[in-house]
Amino acid sequence: MSSFSYQFYHESAYVDTSTSGDKEYGLKPNNFKSRMCRHYEAGRICHMGSKCGFAHGEHELKTKSNAVGKRKTRICVSYGPGGDGCCKEGLACDFLHPTDGEAFVRAVQYQMEKVQFNLMVQELHAKRRFCSTKEELDELEDGINAMVRQWNKVWPKGPNYFDMHWMTTRGAEDYAAGIIIWMQRTNQKTAYLETGRGNHSSYGFAAIRTLLLAKYQGCGGVVATPDQSNPGIVILNIL
């Protein structure tokens, strides 16, 4: 590499560490040490040394993500469907890469099973309109609700978190009642029920969310409140 090319590559990563004050020239603070130095990666000596704005080793890599707890929870688009398998962020990427090992494998498995699960539930919901008797409809809906419950057991989104998408209103009501019994027995004070906002509801509004908020208003020692940061989530609290 010519001296000009070398200087050009490091120009935006130069950091003045003199006593006059630490300054970063050309490299935004949130990008500092967010990518690996390509000289270090190639096994060559980086003449910028400690003044290099790129990381010399994984221990120096810093994330650019401000979302606490969200890093490395989803697959990088570069390695998803249609991706080219080349992420410019490298090891500093906030999303999962094949190099993340088991976490990446599990995320891929989740996506594959989620697609299959959605297709199966959609198919069952479509069959509801062709049920000729109430007994037949009840049996079909019980199957749908059981599938959602099982999905939450296998792929929970978080502690005390239950996704009610795809459930029928009756199924969600029964599910919530069971969750409350579990909370009382295990001394759990809070649970999160993802009901959705009703954007795709056949009723035109969030029927499950509306039902739960109306039903649990403190009577019986249980109160349901909407999550202020996400209207699609109902928070259950044991008083």
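We did not get these values from a lab; they are worked out from the coordinates using the rules stated. It should be emphasised that the depicted structure is a prediction, and the values quoted were computed from it without experimental measurement. Here Cβ is always computed from backbone atoms with ideal geometry, including for glycine, and neighbour counts include all displayed protein chains.
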Query raised in the report: Going by the alpha-carbon gyration tensor, a ≥ b ≥ c the square roots of its eigenvalues, is the range 66-130 rounded (a/c under 1.5) or, if a/c is not under 1.5, prolate (a/b greater than b/c) versus oblate?
Result: prolate
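Sorted from fewest to most neighbouring beta carbons within 10 Å, what does the list Ile235, Ile179, Ile208 look like? All intermediate terms of the calculation are to be shown ahead of the outcome.
Numbers: Ile235 16, Ile179 19, Ile208 26.
The most exposed by this proxy come first: Ile235, Ile179, Ile208.
Here is the link list: Lys189/Lys215; Lys157/Lys189; Lys88/Lys114. Which ones come out longer than 23 Å on Cα distance?
On the way: Lys189/Lys215 18 Å; Lys157/Lys189 18 Å; Lys88/Lys114 28 Å.
Checking Cα-Cα distances, Lys88/Lys114 exceed 23 Å.
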**Report entry** Cα gyration tensor, the range 115-231 - rounded (a/c under 1.5), prolate or oblate
**Finding:** prolate
